[in-house]
Each structure stands twice: as C-alpha cells, then as structure tokens.
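The values are calculated or read from the model by the stated rules, or taken from the named source; none is laboratory data. What you see is a predicted model; the values in this text were computed from it and never measured. All Cβ positions, even for glycine, are placed from backbone atoms using ideal geometry, and neighbour counts span all protein chains on display. Side chains included, ligands, DNA and RNA excluded: accessible areas come from the protein's heavy atoms. Shrake-Rupley method; radii C 1.70, N 1.55, O 1.52, S 1.80 Å.
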Amino acid sequence: MRFKSVYDSKFFRSAAAFFLLSAMLFPAVTSAYAEDSAEPTDLTSDCSVMLPERSVGFEARLTDDNYNSRISFKASETLEISIASGVRGLYIGWYSAPKSARIEALDASGATISSVSASADLLNDYYSLPANCASVRVASDADFAISEMRLYNTETAPDALCVMSAQGHAKVMLILAHTADESYYFGSLLPYLSGGDAALAFLSSENRQMQQQTVEAMYALGSRTQPIFGSFPYYPSAIELKKLYTYIEKTDINDWLIQLIRRYQPDTIITHSEVGEDDEGMHGLTSKHVLLAVDLAADASKEYISEKAYGVWQVRAVYQHLVSGTSALYDTQAPLAAFGGQSAVSLAQAAFEGYTTYQVYRAKVTDTPYFVQTYPLGVAVSQQQSTSDLFALLSSLQSPAGVPASAITPMPSETPAPEATVASEATQSQPQTSVDSSSTAGQSSYRLYLGAGLALLGLVALTASFVIQKRGGEEKKR
C-alpha cells in the first residue's frame, strides 16, 4: 500500500502559502508600528518659507529659539510655507496672541483644504495638517507677529514644544506682578498649581522670552493650561507705589483685573503681601488693586464690557502672602512623591533658574510659606485658621499633589506636617510611565529580523511543497 506524502496535500500547500504571505507582511506592519512609535522629527529645514518682500532676509528669526526676535506682518501680508513630504503638523510661537489669525492648508493646485482660526488666548499653538497638504498660508485680518515656527511629522505637538491649552474657569487664581514671582516668592504653591482648575496670571512680563520661560516652567511641573499674561509695563523694583501711578492708570489696572475675575470666575484669589515682597512697588500695587477689583467685579455698574460678556462674579476669599509668620502652609522642604522626591523648594529653585535673565545672580528662592485671608473685608480670620483653610483648598485641586479635602489633617502652627502622605496618594491616583527609546528601538529591530526570518521559512516551505509535488507527478508518469 502506497502512502501519500503530507507535502502533496492541498492543506499543506495552502498553509505554506498563508504562512509565507503573513510572514512577508509582518516586516511591513512592524515597520509601520516602529514609525508610529518613533520620536517626532523636525522637518522644518526640508520646507521653504515665503515672506513679504520687506522681511526677506530675516527668515532665521523663525527658528532661532529666541522668542524676543520675530517677523511682523501687516493685515494685508501672509506667511506661506511649501510643505515637504511627511509633514503633518505646524508649530507657531506667536510674539503675542493673535487677534484674528487663521492657518490655511492648501493642496498642490492651491485650493484650500482646511482653515483653522488661531486662538486669541494662546501664545503657542500646534496645527495638524492634512496628508495631501502641499502648502500652508498664515493670514489675519489684523497685524500679527511670529517668533518661532517648526514643522513636524506628527499631528500632535511634541512635548518639547510645551504647547498648552487656554485657561478655563479657575477654582484658585494666583495673581502676581511679574513673571518669575511665582517661583521666587510663591514656590510653596507650585506643586498645587498644575491642574486645570488653578490659574496663574501676571500683570507684566519683562519680555516675550520671559513669558516662554514661564510656560516651560509650568509645563515641566505638569500644567497644561497656559498662564495669563497682562500687558502692563514691566517695573521690577526701583519705582515705589506712588510713582507708579504716573506711569500706570489706576482705572486700567482695575478694569483688567475685573475682566480677569469675571471671565475666569475664581472662587479664591492669592496675591502679594500688602506692602509688597522686598518693598517692590508693583507687588504692592498688584495686591492693592486685587482687593479693589474683587468688590468691583461683583458690581454690575462697573466695567460694562466684561459685565455684558460674562456677567458679575463674587470672589469668596482672597489670601495674601506674608514674608514671615507663625503658621506655615506645610513643610516645603519635605520630599514630594508626586514629583519624584523633590521638595517644593527644589521645584521652585529649578523653575526660577529657568529664567535666563536671573541666572547671573545665582539667587536662591525665598521660602516663606505663610498666608493670611484678607477678604471679605472685616472678617477676622487668624493666620492659623487661614493656613488650614488654604491648605485644604489647595489640596483639593486637580494637581498631582492634591488630595480630597476630607483627607487633609490641619497643620500645627510650629511643626507643620510633612507632605509625604499627600504626595503618595497623588502618585497612586496619577501613575506616570516612561519609555526607554533604546529599548523601543531594539524591540523594533527584533520584530523586523523575526519577520524576515519567518518570511524566509515560509518561502522554503512553499518551494519544498512544489518540488515534492513535481517529483510525485514524474513518478506517476513512469
């Protein structure tokens, strides 16, 4: 009796063919996977920029990593970019938030594929581009200026760009005079201000680069909502409060603060001490007008533009900073598990050192975690009660160091409790993951080699099947 070889069966031939096809597709699939998981690639140098005639020769300003340098455009002028193959996203660092700019994606024939309006609140934004986009046009109905521009192969913004979203309604708002005040004087608050329900607002900034450094510092802490930047002149220290009024109109500050409060509707505001830290005039001016504005924001007869747009708003409480006290907010030297064991002081120091203007001074942050409630006016609140209430409020925020208010234990006035328990719970609720790029690359290479090996085995198996089948046919003819 003659047994039929398994290699002659249709099942084997079909299985071998399927195995070969699957193995041949495997490298392509893993290659696509590797491409998707790869780091974003900057393709700016592969693209070409077309500027208005008067700005030709200044193209380097768009990629010099200096947000103070910029190219300005009149309302009748546009920025046009020829897109290289593979570009899927455009980053723009505006010199100031644009009033009415739009980003138009065009195909090869010049027809508009999509048009996106730029946010009037954001200094930096990222715009995804269609796959068939051949060029981009940036236009506006008002004058605008661009500090930085980059093009990438991803539809989502790379983390290195620190792109944030616009601030929404705030549970707590920290209102300060200058950029860098948040880290130098208010570093104890930084671990609690990285959630979307906390807002950070400044009356003035030294320049656009300082604003960018504030954005980068807050992004590094986990915040994804952009700080709010006013446009008042920058007077850091030399001018006392009385003299400041010869440069700044009282009504302008009141109106801006009223608009700020009504739009973002903070439940609680924190600001400078009454006299101003280090006796700086702008610090004292800020705290004085914050207290005025919280009353005015609740009065429908004041500042009718914001009243019409947002209605009135009543702030519940205002806390002011103290340069010394008897009841610390918490132990700001204690390690915070939610921030890799760093303390509030070390976080603040790192943020402050990110401001290049101050690096020459090698200054250390002032650690004064003392606050007192000063609004509503006439309400007597002790410093210890203020501390307990404020700490409970901060700990209820959405930041990594925050926990539910029910978990808060009031702080003793002399020996504040460490933050270890708070941070530990926060870490459990917000796990953090990291990917080793070298490991990812090794896994991708392994997949490719495995796929190639399987493809070779499939080809050998299929060839063997046909050879055996052919020999079997020749034997039958004999």
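From the residues in the range 170-222 that are among the acidic types (Asp, Glu) and over 18 Å from Asp279 (Cα atoms), which one is least open to solvent (accessible area, probe 1.4 Å)? So, considering only residues that are among the acidic types (Asp, Glu) and over 18 Å from Asp279 (Cα atoms), the one least open to solvent (accessible area, probe 1.4 Å) is Asp197. Evaluation of Ala334 against the conditions (1) touching a residue at least 60 places away in the same chain (Cβ under 8 Å); (2) under 22 Å from Tyr319 (Cα atoms); (3) open to solvent by less than 30 Å² (accessible area, probe 1.4 Å); (4) not in a helix (DSSP H, G or I) shows that the sole unmet condition is (2).
Across the range 240-283, the number of residues qualifying as more than 26 Å from Thr368 (Cα to Cα) and among the hydroxyl-bearing types (Ser, Thr, Tyr) comes to 5. Among the residues examined, Ile248 qualifies as part of a loop (DSSP other than H, G, I, E, B), out of contact with any Ser or Thr (no Cβ under 6 Å at 6 or more places or on another chain) and buried (at least 16 other Cβ atoms within 10 Å of the Cβ). For the range 301-326, filtered to residues that are over 16 Å from Leu260 (Cα atoms) and modelled with pLDDT of 95 or more, the residue that is surrounded by the fewest Cβ atoms within 10 Å (Cβ to Cβ) is Ser301.
If the condition is being open to solvent by 30 Å² or more (accessible area, probe 1.4 Å) and under 19 Å from Leu377 (Cβ atoms), then the range 274-300 contributes Glu274, Val275, Lys288, Leu291, Leu292, Asp295, Leu296, Ala298, Asp299. Number of residues in the range 64-79 that are touching a residue at least 24 places away in the same chain (Cβ under 8 Å), of a type in the set (Ser, Thr, Tyr) and either assigned to a strand (DSSP E or B) or more than 29 Å from Pro227 (Cβ to Cβ) (or both): the value is 2. Residues in the range 351-398 that are farther than 25 Å from Val275 by Cα, free of Cβ contacts under 8 Å to residues at least 12 places away in the same chain and part of a helix (DSSP H, G or I): Glu353, Gln359, Val360. Checked against (1) assigned to a helix (DSSP H, G or I); (2) open to solvent by less than 10 Å² (accessible area, probe 1.4 Å), Ala160 meets all criteria but (2). Any residue that is modelled with pLDDT of 95 or more and open to solvent by less than 70 Å² (accessible area, probe 1.4 Å) - is there at least one of those in the range 21-41? So far as the range 21-41 goes, yes, one or more of its residues are modelled with pLDDT of 95 or more and open to solvent by less than 70 Å² (accessible area, probe 1.4 Å). Beta carbons closer than 6 Å, at least 6 apart along the sequence or on distinct chains, pair a first residue in the range 140-155 that is in contact (Cβ under 8 Å) with a residue 12 or more places away in the chain and small (Gly, Ala, Ser) with a second that is assigned to a strand (DSSP E or B) and surrounded by 22 or more Cβ atoms within 10 Å (Cβ to Cβ) for Ser140/Ala101; Ser147/Gly93.
Taken together, the residues in the range 166-221 that are over 27 Å from Ile146 (Cβ atoms), in a helix (DSSP H, G or I) and either among the small types (Gly, Ala, Ser) or under 17 Å from the mean Cα position of the chain (by Cα) (or both) amount to 6. Residues in the range 261-272 that are part of a loop (DSSP other than H, G, I, E, B) and open to solvent by less than 10 Å² (accessible area, probe 1.4 Å): Pro266, His272. Which of the residues spanning the range 80-138 are open to solvent by 10 Å² or more (accessible area, probe 1.4 Å), part of a strand (DSSP E or B) and either more than 20 Å from Leu62 (Cβ to Cβ) or among the small types (Gly, Ala, Ser) (or both)? Those that are open to solvent by 10 Å² or more (accessible area, probe 1.4 Å), part of a strand (DSSP E or B) and either more than 20 Å from Leu62 (Cβ to Cβ) or among the small types (Gly, Ala, Ser) (or both): Ser82, Thr112, Ile113, Ser114, Ser115, Ser117, Ser128, Ser135.
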